[in-house]
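Below: one structure, written as structure tokens.
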Amino acid sequence: MRRLSVQLLLPILAVVTAVVLVAAFYWSRAFQRLYVQSLTERLEREARLAADALPWGASGADLDRLCAVHAREIGGRVTVVADDGRVVGESEEPSTSLENHGSRPEVAVARQRGAGVATRFSRTLGFDMLYVAVADRREHGLRFVRVAVPLRDLEAARSIVRRTLTYGLLAALLLGGASALGFSRRIAARIQRIEALSRAALAGAAEAAQPPREDELGALERHLVELGREMRARLAATEAERGKLEAVLRSMADGVVVLDAEGRMVLCNASAIEQLELPIDGEPAGAKLSLVCRASEVIALVGEALRQPGQVLQREITFPGRERNRVLSASAVTSAGPTEPFGAILVLHDLTRIRHFEAMRAEFVANVSHELRTPLTAIRGYAETLQSGALGDPRRAAEFVAVILRHCERLTRLIDDLLTLSDLELGRTELRARPLAVEEVVRGCVEVLRQKAEERGVAVRVEIAPGLPPVLADRDRLEQVLINLIDNGIKYSGPGSEVRVVARSAGDGVPLAVEIAVRDNGVGIPRKDVPRLTERFYRVDRARSRELGGTGLGLAIVKHIIQAHGGSLAIESALGLGTTVRVVLPGAAAGPSHDA
């Protein structure tokens, strides 16, 4: 069997040849750098010797001649530059004809460091030069002595090196190309076999298209076949389990969070994100729970579970949510790895709605009990008084009976309102919606309450916009809403005040809508109490409400009736400025209205 190592021998030889050529190339570059460095050091020594030899008092033509003498000795060029950059001595050109050299790189560096080096093209001489300048500091002042030599010899050496490298590279390319050609043809055929095998494995084939060869690549082919079979089986099982797990987690109402030992989320379902109000978009994996969760008790529970492996910890946790406080039942337990616990599993059950409904139920029972107890206590008290002898006094007996009847009427109103509200909340009220003329309904309700308004000295004024479309509503329920709102306006307005009922179109678009507003200039309501006015049994002034015969359920009934019609209710009020209640109902298409 021809081993793969033999097949790789020639390409390796080609690579070695290329490496040798590259090494030779870099060696030549290093030689060139060494040559320039050696030349620079020699020129620096020559410049310092020239600085010691050139007198400070000489200048102009005399100093030019002295510079020329030193230039011939070193085979280069010598320049003396004053501190201000003027050229005071030059071996090749008259110093007076040269421009200021203070900005030359080698002079600028020498001014800072004592010596400077630069390589550039000399416009004066017409070829590349190596410049070395040294600072000559004496008691007379500061000057710079610059020595320069042409780089023609270096360029010649570079040319020879380039040619040598070029020939070497061409030879290496020819050798490597021939070797790579044969090698690539052999390897390409084997790779194509492996590629065909991979495709067959992906397609579900159990065996390779051709029997593998008896070499290293053949062994790879056999292992690839076996690995493909095993991987397909494992992936199928994993995908099936993952699909089941994801389906279960997605369908769970309870939140589930899986964390690693560092408190980072490995898995988190949508219910957990919603219950913990996590600010996460997309996949939460990798996020640290303590950084994204605002519920400090949840974080503390997870930390405690990680410190107590094997213990199931459970807490009822309350934390401030975005809209209201959230109540969660949280359970945490460490999750076991192959050798040791690697994290924790947090299971959350949202109790917010349950606790909210429990509080509402308790409040409702307390309110109903209180509202029923007051008239029942009064009825019982007056009945006992009658029983104990008041029946013998006709005047007092009649007065007591009237009080008993008044409280019975209050009980009847309260029970009727409770039944009505219950039917509305449970959706058991059937609405017989039909087009109704708004003006007819409004004026009918005002007429019902006219006597009460006159008794309290309150004027009721109706303003109906012309061309107002009919509303689509149940007449009895709409009258119940308007009578309740107008009655409230009359009850809470003093003598001489006014209640206005204004009806107009709501908006200019389609579908049609009608707004009916009831405005009074009575005592008004504090702004903080306005959002709670439609709650059951909520009263701003309980004593006055009972005195005026209210049950505390009127606006709650109004809200549910309007919502059942697909409308909206808005209340605006300020203490001492009166109250405005706006009802918006869907309009009906133009046509005959049914008011009978």
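The values are calculated or read from the model by the stated rules, or taken from the named source; none is laboratory data. Because the structure is predicted, anything quoted here is derived from the model rather than measured. Methodologically, a virtual Cβ is constructed for each residue, glycine included, from the backbone with ideal geometry; neighbour enumeration extends over all protein chains shown.
A few comments on the model shown:
- The set of residues in the range 78-101 that are buried (at least 17 other Cβ atoms within 10 Å of the Cβ), hydroxyl-bearing (S, T, Y) and either within 20 Å of D128 (Cβ to Cβ) or free of Cβ contacts under 8 Å to residues at least 12 places away in the same chain (or both) comprises T79, S91.
- Checking E572 against (1) under 23 Å from V458 (Cβ atoms); (2) modelled with pLDDT of 85 or more; (3) crowded, with 17+ Cβ neighbours inside 10 Å; (4) not polar (S, T, N, Q), the condition it does not meet: (3)
- Residue satisfying all of: in the range 34-77; outside any helix (DSSP H, G or I) and touching a residue at least 40 places away in the same chain (Cβ under 8 Å); surrounded by the fewest Cβ atoms within 10 Å (Cβ to Cβ) among these: G75
- Residues being under 19 Å from T412 (Cβ atoms) and in contact with a helix residue (DSSP H, G or I) (Cβ under 7 Å, 6 or more places away or on another chain) - total across the range 376-392: 4
- Members of the range 226-274 that are in contact (Cβ under 8 Å) with a residue 24 or more places away in the chain and basic (K, R): R229, R232, R264
- Across the range 102-143, the qualifying residues are those that are assigned to a helix (DSSP H, G or I) and small (G, A, S), and the one among them that is surrounded by the fewest Cβ atoms within 10 Å (Cβ to Cβ) is A108.
- Within the range 475-497, tally of residues that are more than 15 Å from I516 (Cβ to Cβ) and either of a type in the set (A, V, I, L, M, F, W, C) or in contact with a strand residue (DSSP E or B) (Cβ under 8 Å, 6 or more places away or on another chain) (or both): 4
- Subset tally (residues that are closer than 19 Å to L301 by Cα and assigned to a helix (DSSP H, G or I)) for the range 240-273: 3
- Comparison of L235, L224 shows that the only residue that is in contact with a Ser or Thr (Cβ under 9 Å, 6 or more places away or on another chain) and at pLDDT below 75 is L224.
A quick yes/no check of all residues on (1) under 18 Å from L351 (Cβ atoms); (2) exposed (fewer than 15 other Cβ atoms within 10 Å of the Cβ); (3) within 28 Å of the chain's Cα centre (by Cα):
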{"residue": "A295", "(1), (2), (3)": "yes, no, yes"}
{"residue": "V298", "(1), (2), (3)": "yes, no, yes"}
{"residue": "A305", "(1), (2), (3)": "no, no, no"}
{"residue": "Q314", "(1), (2), (3)": "yes, yes, no"}
{"residue": "F319", "(1), (2), (3)": "yes, no, yes"}
{"residue": "R326", "(1), (2), (3)": "yes, no, yes"}
{"residue": "A330", "(1), (2), (3)": "yes, no, yes"}
{"residue": "S335", "(1), (2), (3)": "no, no, no"}
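- Any hit, the range 259-281, residues being within 16 Å of H349 (Cβ to Cβ), exposed (fewer than 14 other Cβ atoms within 10 Å of the Cβ) and aliphatic (A, V, I, L, M): yes
- Flag if E214 is modelled with pLDDT of 75 or more, exposed (fewer than 15 other Cβ atoms within 10 Å of the Cβ) and either more than 24 Å from S329 (Cβ to Cβ) or not aromatic (F, W, Y) (or both): no
- Cross-chain or 6+ apart pairs with Cβ under 6 Å, the range 309-326 first and under 13 Å from L276 (Cα atoms), then outside any strand (DSSP E or B) and hydroxyl-bearing (S, T, Y): R326/T352
- Residues that are surrounded by fewer than 18 Cβ atoms within 10 Å (Cβ to Cβ) and either within 29 Å of D416 (Cβ to Cβ) or charged (D, E, K, R) (or both), drawn from the range 501-523: R504, D508
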